[in-house]
Amino acid sequence: SIKVKAVPVEFALHSNYPNPFNPVTKINYDIATESFVTFTIFDILGREVITLVNQQHVPGYYSIDWDARGMFGTNVPAGVYFYQIQSEGYIKTRKMVLLK
């Protein structure tokens, strides 16, 4: 028997769900080639809130949950946030809203 594992054709960053959210949101992203990936959340002023991923990835489909906490484990205030993925030759940013 042959085991087939689907691999994305291109990099992609999908919309978070739900949006607006409280207290947790899910974000899906696709990695097309093996590369180092950084996934960061920013506030409306462009300040880094937390880096959720900072490691090498093999091609595939990934999902990450964000529980509205900053890098020190404290809850962040309600508002508009941006999430950004960076890898070799690919950068994409999207907007999300946290309601409390």
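Computed quantities for the displayed model
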{"quantity": "In the chain, GluC sites (Glu not before Pro) in a DSSP loop with at most 16 other beta-carbon atoms within 10 Å", "calculated": "E10, E34, E88"}
{"quantity": "Straight-distance crosslink candidates among aspartates and glutamates, where the alpha carbon sits under 12 Å from K26 and sequence neighbours closer than 8 are dropped", "calculated": "D65, D67"}
{"quantity": "Low-density loop positions, trypsin sites (Lys or Arg not before Pro), segment 1-55 - DSSP coil, at most 16 other Cβ in 10 Å", "calculated": "K3, K5, R47"}
{"quantity": "Highest-fluctuation residue, T74, T40, T51 considered, GNM on the chain with Cα pairs under 10 Å", "calculated": "T74"}
{"quantity": "Model label zone, N19; criterion: amide N under 12 Å from point 7 Å along Cα-to-beta-carbon; scope segment 28-60", "calculated": "28-29"}
{"quantity": "For segment 1-86, radius of gyration divided by Kirkwood radius, i.e. Rg to Rh on alpha-carbons", "calculated": "1.03"}
{"quantity": "In range of the label at V97: residues from segment 9-25 whose backbone nitrogen is under 19 Å from the point 7 Å along Cα→Cβ", "calculated": "15-25"}
{"quantity": "Share of carbon and sulfur in the accessible heavy-atom surface of the chain [1.4 Å probe, %]", "calculated": "55"}
{"quantity": "Extension gain, Y62 back to V7 (0.36 nm per residue minus Cα-Cα distance, nm)", "calculated": "18.7 nm"}
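The values are calculated or read from the model by the stated rules, or taken from the named source; none is laboratory data. The model shown is predicted, which means the values in this text are computed figures rather than measured ones. Glycine gets a Cβ as well: all are built from the backbone with ideal geometry, and neighbour counts include every protein chain shown. Please note that ligands, DNA and RNA were not included when accessible areas were found on the heavy atoms of the full protein model with its side chains. Shrake-Rupley method; radii C 1.70, N 1.55, O 1.52, S 1.80 Å.
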